[in-house]
Amino acid sequence: MLALVSMIIPILLAMVSFAAGITLAAKQREYPVAVVDLLGVIGLWLFIFWVRPQFSHLLLLLVTLGVGILVGYVVGVVRLAGHHEANVLPKSELPAHAQEQAVTAVSPNLLKRAWQRWNDFAGRMGNVQGRLLMGVFYFVFVTPLGLGVRLFSDPLTTKKQPTQSNWQPKEASDLTLEAAREQG
């Protein structure tokens, strides 16, 4: 059980740190997740499993966090290099706790301002992370399943050419008047 947890935690931490790096690079701009980002996350996972035997558990987590933020930041800066307009993420895309911020120019409470900025950052990071997670899920699970079903199933028997008709006779199940009334 511990071996499974020690494999899952670096995977999740790599995705979180990659999303944090992208969010830091994007600043207040909207970041559209693309296939390049998914490949970056998968490359980061491969790197982590490659260096995993050389580090202890705590050092592996620190390396994962640092490399993930660095790779995410570099990917974000490169992808947003040509975009100079500041497309601010609409408030409807943020979670409710990040939408409710009432930031004043000078807040008397330093912790309150820090918490509000963290909520804003975490909302934008969660948006990127959710898109990454759903993209990985789609390409790893849904696409191969769909291709397999498409290639190997034939529910309408259209792939094989029968010598006669494709007609499948339907057997009547219940021909009583009561069964006809129950239909609708």
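Between the alpha-carbon centers of the stretch 10-35 and the stretch 122-184, tell me the distance in whole angstrom.
Cα centroid of the stretch 10-35 versus Cα centroid of the stretch 122-184: 34 Å apart.
If the chain between Lys159 and Lys27 were fully stretched, how many nm would it gain, using 0.36 nm times the residue separation less the Cα-Cα distance?
Length difference between fully extended and current span is 42.2 nm.
Heavy atoms of the protein only, probe of 1.4 Å, neighbouring chains included. What is the accessible area of Met134 in Å², nearest 10?
Ignoring ligands and nucleic acids, Met134 comes out at about 120 Å².
Which FRET efficiency, nearest 0.05, do Val149 and Leu12 yield, Cβ-Cβ r, R0 30 Å? Please list the in-between numbers first.
Numbers: r = 29 Å, r/R0 = 0.98.
Efficiency, rounded to the nearest 0.05: 0.55.
Pull out the extension gain between Phe121 and Phe139, defined as 0.36 nm times the separation in residues minus the alpha carbon to alpha carbon distance; nm, one decimal. Don't jump to the answer; show the numbers that get you there.
Values: separation 18, 0.36 × 18 = 6.48 nm, distance 2.72 nm.
Taking 0.36 nm per residue and subtracting the Cα distance, the gain is 3.8 nm.
In nanometres, what is the gap between the two model label sites at Leu177 and Ile42, each 7 Å from Cα along Cα-to-Cβ?
Here the modelled spin labels are 6.5 nm apart.
The values are calculated or read from the model by the stated rules, or taken from the named source; none is laboratory data. Keep in mind that this is a model prediction, so the values were computed, not measured. Heads up, the Cβs are rebuilt from the backbone with ideal geometry, glycines too, and the neighbour counts pull from every protein chain shown. Remember, those area values only see protein heavy atoms, side chains included, never the ligands or the DNA or RNA. Shrake-Rupley method; radii C 1.70, N 1.55, O 1.52, S 1.80 Å.
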